[in-house]
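FYI, it's all coordinate maths here, none of it is from the lab. Given the structure is predicted, the values throughout are model-derived calculations rather than measurements.
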Amino acid sequence: MTRRIPRWKAPPIWWASGPPCWPRCVSCRPGQRAVVVLRYWGDLTDAQIAVTLGCSPGTVRSQLSRALAKLRENPVLGEGEPG
């Protein structure tokens, strides 16, 4: 059984004070956002994230990969100089 990812009524306090990529995470799907937050803000491993979200570690890696690809599309966060 997979847990539902909670929706925020308002962003948590760390959202505004965190790294500049947090607000740009809204372009990612909810599951991808959850994995990014748990990995980089929560400092959890794939296995810990999988237990937290009720999915497999492979799903965690897949969601993280897709989220990072989506974030790299943003010229502010992407790799290298904008083209």
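For the reader, a short list of remarks on this structure follows.
- The gain in end-to-end length when the ALA69 to SER27 segment is fully stretched comes to 14.0 nm, 0.36 nm per residue minus the alpha carbon separation.
- The reciprocal of the average 1/r between distinct C-alpha atoms defines the Kirkwood hydrodynamic radius, which for the stretch 22-72 equals 10.5 Å.
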